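Each remark here refers to the structure printed beneath this line.
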Amino acid sequence: MQDDTVVDKKFTSEEAEQLMHRVMWRQARLSVSVAAIFIALLILIPLLNLFAADFAATPVLGFTLTWLLLGVAFYPITWALSAFFVKRSDVLEDTISKEGIK
């Protein structure tokens with residue numbers, strides 16, 4: 001016997017589950033994308049020091065490029081990635097909710 005319990009007065013439990021699955025899948029893809037960018041930054045900074053030491057030692061605003069990236073720019077980059085993730089996640093949820101209502 002099929003359970004046609006209405007969830008949120010708009011969806012059956014099966015429809016709500018499918019909707020939730022789509023949201024989770026798209027957010028997982030978004031999470032992996034943002035994490036890949038973050039990990040790439042973590043890997044590229046030491047590689048910059050290893051393979052382009054002269055370039056990494058270039059003074060910029062009173063810091064070497066390495067310290068500018070690690071000590072000054074890294075936190076705003078992290079905040080920007082976080083803000084991007086939250087905004088895109090909200091857009092994904094809104095889009096999927098609108099798809100589900102149709």
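Every number in this text was worked out from the coordinates using simple rules, so none of it is lab data. Not measured: the values here are computed from a predicted model. Note that each Cβ is placed from the backbone with ideal geometry, even for glycine, and that neighbours are counted across all protein chains shown.
State the extension gain, in nm to one decimal, for the chain segment bounded by Ile39 and Met20, taking 0.36 nm per residue of separation less the distance between their alpha-carbons. Provide the component values of the computation, followed by the final result.
Numbers: separation 19, 0.36 × 19 = 6.84 nm, distance 2.79 nm.
Contour length minus Cα-Cα distance gives 4.1 nm.
Relative contact order of the chain, please, whole-number percent, based on alpha carbon pairs below 8 angstrom and at least 6 residues apart.
31
Any idea what angle helix 74-101 forms with the longest principal axis of the chain, computed on alpha-carbon atoms, 0 to 90 degrees, nearest 10?
20
If you build a Gaussian network model of the chain, linking Cα atoms that sit under 10 Å apart, which residue out of Phe74, Phe51, Phe38 swings the most?
Most flexible of the set in this elastic network: Phe51.
In the Gaussian network model of the chain, springs joining C-alpha atoms below 10 Å, which of Ser31, Ser89, Ser13 carries the largest mean-square fluctuation?
Ser13
For Ile96, Ile45, what's the fewest-to-most ordering of other Cβ within 10 Å of each Cβ?
Ile45, Ile96
Using Cα atoms only, what is the angle between the long axis of helix 13-51 and the major principal axis of the chain, expressed in degrees (0 to 90) to the nearest 10?
Between helix and principal axis, roughly 10 degrees.
How much length would be gained if the chain were fully extended between Leu81 and Leu48, taking 0.36 nm per residue of separation minus their Cα-Cα distance, in nm to one decimal?
9.8 nm
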